[in-house]
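Below you'll find the structure, written out as structure tokens, and then a few comments.
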Amino acid sequence: MAKHQFEKVFTVEEANALIPRMEILVRGLQVEADALRAQIRELARRHDSSIAAMPLSDLIERYPELKEYAARMAEMAGQVEALGCFLKDIDQGLVDFPYEIEDDVVFLCWQSGERQIIAWHTIDSGFSDRRPLPGVNKPYLN
């Protein structure tokens, strides 16, 4: 596998230290995403049910009141990325941290609610392919 280049490669300790911040950011993103979806449902109910299938950028252009939700989400997602992490799924609360294992870069995989990093996966795979991180106590599994 080719070596991947990331701005930041984390240690397990560094990633674990960011979990409290990730919990806040991911929860904020989930709240904003829920509010945005509720607004879109309401607009669809009042105006045109087909708008629910429109791309978000088109919806924002048509209904500027949605812009504030999207802007807050973009700002929080930007904070995750500025820390060197990758937001993978807002609803599931998934964040990946680049990590070096056996001379290859993989992702430490964290899900909202986990108190510490407990798993990793290759860069080309995802949450469903998580493998246990060696030395992690099983009580931390959800």
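The values are calculated or read from the model by the stated rules, or taken from the named source; none is laboratory data. Remember, predicted model here, so these are calculated numbers, not experimental data. Quick reminder, even Gly has a Cβ in these numbers, built from the backbone with ideal geometry, and neighbours come from all protein chains shown. The protein model used for the area step is the full one, side chains on, heavy atoms only, and it has no ligands, DNA or RNA in it. Shrake-Rupley method; radii C 1.70, N 1.55, O 1.52, S 1.80 Å.
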Legend entry - Apportionment of accessible area to carbon and sulfur, the chain, percent (1.4 Å): 51
Inset, instruction - Quickly estimate the mean residue ellipticity at 222 nm for the chain, helices only: each DSSP H run with n ≥ 4 gives -39500 (n - 2.57), and the total goes over all residues, rounded to 500. - result: -14000 deg cm²/dmol
Legend entry - Difference of contour (0.36 nm per residue) and Cα-Cα distance, R37 to F6: 7.9 nm
Legend entry - Charge tally in the Cβ shell below 12 Å around A44, where Lys, Arg are +1 and Asp, Glu are -1, A44 excluded: +3
Inset, instruction - Using a Förster distance of 30 angstrom, determine the FRET efficiency expected from the C-beta separation of A70 and E100, and round it to 0.05. - result: 0.30
Inset, instruction - Could you order V136, V26, V9 so the one with the most accessible surface comes first? Probe is 1.4 Å. - result: V9, V136, V26
Inset, instruction - Please work out the average accessible area per residue across the chain, using the 1.4 Å probe convention, and give it in Å². - result: 58
Inset, instruction - Quick one: accessible surface of M73, probe radius 1.4 Å, all protein chains present, in square angstrom to the nearest 10. - result: 30
Legend entry - Given charges at beta-carbon only (K, R positive; D, E negative), |dipole| of the chain in Debye: 480
Legend entry - Local electrostatic count, F86, Cβ distance below 14 Å [Lys/Arg +1, Asp/Glu -1]: -3
